[in-house]
Amino acid sequence: MARYLIPAMAASVLAMLAATSAAAQPADFPIAPADGSPLPPGVRVLKSGEGRVYADAKGRVLYGMDMRTVLRWAPDPAKYCAQGCQGNWAPLLAPAASTPNIRYPSGFEKAEGTSDTLDPRKAPDWTVIAGAQGPQWVYKGWHLVFTRRSGSAASTALDGADNMTWNTLKFVPHPPVIEAPGTVAAAFFEDAYALTDKDGHVLFTGKCAANCTWQPLSAPMAGNGLKDWKITLDGDRPAWTIKSKRVFVSTEADPHAVPAGAKVLRP
């Protein structure tokens, strides 16, 4: 297995953390969608009250320890969960013969072999690191994977525990390929992707009553359609339709909410 070395980012991350209140968690970024690479042996996806999450072969929900959050206390965050921590959290170990293919530089150590350096923001779904108890799985470059030793196996109650250090590993499927106008995108919510405008407001169709106040999705005055998408001039300004149905944009306080009688557009 090829060996990768993450760049020596510890110094900059520590500086960011030091400038922030201990109660805040600047490293708690949403986990990127899955890239479709194979799951580790025994790992599967389960439905929970909070959407789909990863679990091990026994159905225990997987939690990620965000290694960026413990850099202030541990020069090697991969070895942070030892002693007392191990009494509560069990590492998701990779096969014993696995060769670690990712590691974090200690202190101000410089990265070696920059031609093989892997940017953690672009890491594949699953890599192996030298953990405190042996080769251990890491998800998306930063999240050292564990299960909880006590409590319900399917519980997600500790999501965000210890100032967002521990987070359930939520499964977000890879974004779909969409054929739509350039101002249309796809966003994942309510356990599925939906079409949105460029600002993240969900798109919908439906029958609008008389004196309709729904906001149509604006289209250019001159432009060509795209498969099911056509431009209509039937209104105050050009607007998009899909399969001959006018497309509207949510104007609700929640950009993912739609008015009564509307149907969210999904890929």
Take the alpha carbon atoms of the range 62-82, find their center, do the same for the range 159-204, and report the distance between the two centers in whole angstrom. 27 Å
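State the percentage of accessible surface on the range 161-254 attributable to carbon and sulfur atoms; use a 1.4 Å probe and exclude ligands, DNA and RNA.
Details: 2790 of 5570 Å².
That fraction is 50 percent.
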With all protein chains modelled, accessible area of S152 [1.4 Å, Å²]: 80 Å²
Cut-off under 5 Å, modelled amide H: who pairs with G131 long-range: Q136
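Which pairs break 19 Å Cα to Cα here: K140/K198; K58/K140; K47/K79; K207/K263; K47/K170?
Working: K140/K198 26 Å; K58/K140 22 Å; K47/K79 31 Å; K207/K263 9 Å; K47/K170 10 Å.
Beyond 19 Å between Cα atoms: K140/K198; K58/K140; K47/K79.
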Sorted by packing (mean other beta-carbon atoms within 10 Å per residue), highest first, where do 54-64, 167-177 land? 54-64, 167-177
5 Å is the cut-off here: which amide hydrogens, built 1.01 Å from N in the peptide plane, fall below it relative to Y193, excluding neighbours closer than 5 in sequence? none
What list of ³J(HN,Hα) values in whole Hz, one per residue of the range 246-257 in order, does the Karplus curve 6.51 cos²θ - 1.76 cosθ + 1.60 (θ = phi - 60°) give from phi, with Gly and Pro shown as x? 5, 9, 10, 10, 5, 10, 6, 4, 8, x, 9, 8
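The values are calculated or read from the model by the stated rules, or taken from the named source; none is laboratory data. On a predicted model such as this, the values are computed, not experimentally measured, just so you know. So basically every Cβ, Gly included, is an ideal-geometry build from the backbone, and we count neighbours across all protein chains shown. SASA here: full protein model, heavy atoms, side chains in, ligands and nucleic acids out. Shrake-Rupley method; radii C 1.70, N 1.55, O 1.52, S 1.80 Å.
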